[in-house]
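A quick write-up on the structure given underneath.
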Amino acid sequence: MSAERLEAAAEPGRELPLDSHLHTDLSPDSDVPIDVYAALAVERGIAELAITDHVDFDARDPAYDFASFADRERSVRDAAERWAPRGVAIRFGAELTYNRTWDADVRAHLARHSYDFTIGSVHDWPDSPYVPSRVRTWATGRALDEVLAPYVAEIAAAAGSGLFDTIGHLDVVRRYLHGTVSAPEIFGAVELFEPALRALVDSGTALEVNSSGYRHPDGEAYPGPPLVARYRELGGLAVTAGSDAHRKGHFAWALEAGYRVLAEAGFTTLAFRRGGDRVAVELPARVRGPGPGMASPNTGRVGSL
Ligand SMILES: [Zn+2]
Ligand SMILES: [Zn+2]
């Protein structure tokens, strides 16, 4: 990891244009009132936030029916009005848990409801081998491609669905496999994620860099730098970045390190949507590095592992 990125990985973000992945107390696994994030944004100079509370489609998942669309929308729109005069823009987003099993339900939800910005994510779905009670036994002794296959099939389907603005934490399967498969093993087999990376490129869906990975044991963003570099090489053009905070102390945490992963792969802007067409948000000059000459996708500047 570059020295700047290492430093930024241990810091709350300051003076940054956008954190596009945040959970409030309208997610079952967060306890943060929306005004707490807004106040922190004012204090730290984070100009724009997307509130992306969980939307789950399997009745066994915790966010299923946790907060209604109307309640989530009212919470965000009201906060946006309260905080706009203080210089913080707050957008209404959602993180929708995708799986092919409930593809039709996700489609129906998005046809009925309008968000400013959507993240599609694959989590450890109830029937998956990745749930904590069985993942270790299942994964031990299996070949890496076999271990990743069920996850990659779902994330590739999410990426190819065309339903979402961006795909969240593309290799979060690293977290479920922690202790069984290491990050370097996964980063050494980036080609196993290519079905998902190609699906992103083909569908024009953005790739998120999620800085919550810096808080987790292997200490790398989701996805790790080698996957971001490969996405770029394959022709990927659109990227987003978010801290995925569920606690006050995680607001914009290591977000600058996430930005740096993108800059090191050659990206200069974030893709975002404010309810209309996609817009570009410039990465701050201080993370963009030495300029376009060094930022071509083939310079291999992906940082160390
Ligand atoms: Zn998630
Ligand atoms: Zn999230």
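Condition test on Asp53, is it surrounded by 14 or more Cβ atoms within 10 Å (Cβ to Cβ) and either within 16 Å of ligand 2 (Cβ to nearest atom) or at pLDDT 95 or above (or both)? It would help to see each step written out before you state the result.
On the way: surrounded by 14 or more Cβ atoms within 10 Å (Cβ to Cβ): yes; either within 16 Å of ligand 2 (Cβ to nearest atom) or at pLDDT 95 or above (or both): yes.
Criteria met by Asp53.
Would you check if Glu81 is within 27 Å of Val228 (Cα to Cα) and either within 16 Å of ligand 2 (Cβ to nearest atom) or modelled with pLDDT of 95 or more (or both)?
The answer is no for Glu81.
Could you grab me the full set of residues in the stretch 65-75 that are modelled with pLDDT of 95 or more and away from ligand 2 (no atom under 15 Å from the Cβ)?
Passing the criteria: Ser68, Phe69, Ala70, Asp71, Glu73, Arg74, Ser75.
Does Val201 qualify as being in contact with a Lys or Arg (Cβ under 9 Å, 6 or more places away or on another chain) and of a type outside the set (Gly, Ala, Ser)?
no
Specify which of the listed residues (Leu96, Leu26, Leu22, Leu18) is more than 16 Å from ligand 1 (Cβ to nearest atom) and modelled with pLDDT of 95 or more.
One residue alone meets the criteria, Leu18.
Would you mention how many residues in the stretch 237-262 are crowded, with 21+ Cβ neighbours inside 10 Å, of a type in the set (D, E, K, R) and assigned to a loop (DSSP other than H, G, I, E, B)?
1
Among all residue pairs at least 6 apart or on different chains, which show Cβ distances below 6 Å where the first residue, located in the stretch 53-65, is part of a loop (DSSP other than H, G, I, E, B) and the second is modelled with pLDDT under 95 and within 12 Å of ligand 2 (Cβ to nearest atom)?
Asp56/Ala63
Before we move on, is Leu6 surrounded by fewer than 24 Cβ atoms within 10 Å (Cβ to Cβ), touching an Asp or Glu at 6+ places or on another chain (Cβ under 6 Å) and either within 16 Å of Asp116 (Cβ to Cβ) or of a type in the set (A, V, I, L, M, F, W, C) (or both)?
Working: surrounded by fewer than 24 Cβ atoms within 10 Å (Cβ to Cβ): yes; touching an Asp or Glu at 6+ places or on another chain (Cβ under 6 Å): no; either within 16 Å of Asp116 (Cβ to Cβ) or of a type in the set (A, V, I, L, M, F, W, C) (or both): yes.
It is false that Leu6 is surrounded by fewer than 24 Cβ atoms within 10 Å (Cβ to Cβ), touching an Asp or Glu at 6+ places or on another chain (Cβ under 6 Å) and either within 16 Å of Asp116 (Cβ to Cβ) or of a type in the set (A, V, I, L, M, F, W, C) (or both).
Every residue in the stretch 232-279 that is acidic (Asp, Glu) and either within 16 Å of ligand 1 (Cβ to nearest atom) or touching a His at 6+ places or on another chain (Cβ under 9 Å) (or both), please.
Asp244
Where residues in the stretch 110-125 are within 15 Å of ligand 1 (Cβ to nearest atom) and not hydroxyl-bearing (Ser, Thr, Tyr), which of them is farthest from Ala153 (Cα to Cα)?
Phe117
Here are some residues: Leu197, Leu207, Leu234. Which one is surrounded by fewer than 19 Cβ atoms within 10 Å (Cβ to Cβ), in contact with a helix residue (DSSP H, G or I) (Cβ under 6 Å, 6 or more places away or on another chain) and of a type in the set (A, V, I, L, M, F, W, C)?
Going through Leu197, Leu207, Leu234 in turn, just one is surrounded by fewer than 19 Cβ atoms within 10 Å (Cβ to Cβ), in contact with a helix residue (DSSP H, G or I) (Cβ under 6 Å, 6 or more places away or on another chain) and of a type in the set (A, V, I, L, M, F, W, C): Leu234.
Starting from the stretch 86-98, keep only residues that are under 16 Å from Asp25 (Cα atoms), then list their pairs with residues that are at pLDDT below 95 whose Cβ atoms are within a distance under 9 Å, requiring at least 6 positions of separation or different chains.
Listed pairs, sorted by first residue: Glu95/Ala63.
Can you pull out the residues in the stretch 187-222 that are hydrophobic (A, V, I, L, M, F, W, C), more than 16 Å from ligand 1 (Cβ to nearest atom) and part of a helix (DSSP H, G or I)? Show your work before the answer.
The initial filter retains those residues of the stretch 187-222 that are hydrophobic (A, V, I, L, M, F, W, C), namely 187, 189-190, 192-193, 196-197, 199-201, 206-207, 209, 221.
Those still in the list that are more than 16 Å from ligand 1 (Cβ to nearest atom) too: 187, 189-190, 192-193, 197, 199-201.
Result: Phe187, Val190, Leu192, Phe193, Leu197, Ala199, Leu200, Val201.
So in the stretch 135-182, with the set limited to residues that are among the hydroxyl-bearing types (Ser, Thr, Tyr) and surrounded by 18 or more Cβ atoms within 10 Å (Cβ to Cβ), which one is nearest to the chain's Cα centre (by Cα)?
Applying the first criterion (among the hydroxyl-bearing types (Ser, Thr, Tyr)) to the stretch 135-182 yields 137, 140, 151, 161, 166, 176, 180, 182.
Going one step further and asking which of them are surrounded by 18 or more Cβ atoms within 10 Å (Cβ to Cβ), we end up with 151, 161, 166, 176.
Details: Tyr151: 16, Ser161: 17, Thr166: 8, Tyr176: 16 Å.
Once the filter is applied, the top-ranked residue is Thr166.
Tell me, please, whether a residue that is without any contact (Cβ under 8 Å) to a residue 40 or more places away in the chain, on the phi < 0 side of the Ramachandran plot and aromatic (Phe, Trp, Tyr) can be found in the stretch 209-231.
Within the stretch 209-231, one or more residues are without any contact (Cβ under 8 Å) to a residue 40 or more places away in the chain, on the phi < 0 side of the Ramachandran plot and aromatic (Phe, Trp, Tyr).
Would you tally the residues in the stretch 142-190 being in contact (Cβ under 8 Å) with a residue 40 or more places away in the chain and of a type in the set (Lys, Arg)?
Adding up the residues that qualify gives 2.
So which residues in the stretch 11-50 are outside any helix (DSSP H, G or I), within 14 Å of Ala80 (Cβ to Cβ) and more than 16 Å from ligand 2 (Cβ to nearest atom), if there are any at all?
Let us first name the residues in the stretch 11-50 that are outside any helix (DSSP H, G or I), namely 11-33, 45-50.
Subsequent filtering for residues that are within 14 Å of Ala80 (Cβ to Cβ) retains 22, 24, 47-50.
Ala47, Glu48 - these are the residues of the stretch 11-50 that are outside any helix (DSSP H, G or I), within 14 Å of Ala80 (Cβ to Cβ) and more than 16 Å from ligand 2 (Cβ to nearest atom).
The values are calculated or read from the model by the stated rules, or taken from the named source; none is laboratory data. Please read these numbers as outputs of a predicted model, since none were measured by experiment. Cβ coordinates were reconstructed from backbone atoms using ideal geometry, including for glycine residues, and neighbour counts include every protein chain displayed.
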